[in-house]
Amino acid sequence: MASILDRLIDDAPNEQDVKDSHRGLNLRQLRSNVRRDLENLLNAKLQWQTWPDHLTELDNSLMNYGLRDFSSMPVASLDGRQLLCKQVADTIKRFEPRFLEVMVETVDNEQPLDRVLRLKINALLYAEPEPEYITFDSEVEPVHLAMIVNEGIL
């Protein structure tokens, strides 16, 4: 299923043809679009904010879209990395309905001097005729804390 953004964008507004996205995507296009949308979600930085407990619907609103700022999180420790993985997984589950299951884990660096934080995102992607397992390898860019998401190998 194409994302709502893909369905709204018309690359050729002067043509009368129905867009391919209205007919459905092939699996390669779907995976590419999901990777792009996932990278955008994880790079939408959310400021730490709270609201009254009775306004629970705000948890799933655009006010809460994105990944919480983790710049002060102690990701050098195992507990800090596990907390980041949980936050990434929770964010994906909340705002990416095309995933039926999501698991996020850290990847150990092969080089001892490599300070790049790597996460592996494993998910079950809703697709027709049947769901598809998909893996993304992500890196946290150390200066700006941007997430770079690439499709991985299962």
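Every read-out reported here was derived from the displayed coordinates using simple, explicitly stated rules and does not represent laboratory data. Every value quoted in this text rests on a predicted model; they were computed, and no experiment measured them. Cβ placement follows ideal geometry from the backbone for every residue including glycine, while neighbour counts extend to all protein chains displayed.
At a threshold of 8 angstrom on Cα-Cα distance, excluding pairs fewer than six apart, so keeping six or more, what relative contact order does segment 4-151 reach in percent?
Relative CO of segment 4-151 lands at 17 percent.
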How much length is gained on full extension from S77 to Q29, taking 0.36 nm per residue of separation minus their Cα-Cα distance? 13.6 nm
For segment 4-151, please report how many Lys pairs fall under 28 Å Cα to Cα, leaving out neighbours fewer than 8 apart on the same chain. 5
Under 14 Å, Cβ to Cβ, from L46 - net charge with Lys/Arg +1 and Asp/Glu -1: 0
FRET E, pair D69, T135, Förster distance 35 Å, beta-carbon r, rounded to 0.05: 0.85
If you split all Cα-Cα distances of segment 53-125 into 10 Å bins from zero, what percentages do you get per bin, shortest first? 17, 42, 31, 8, 1
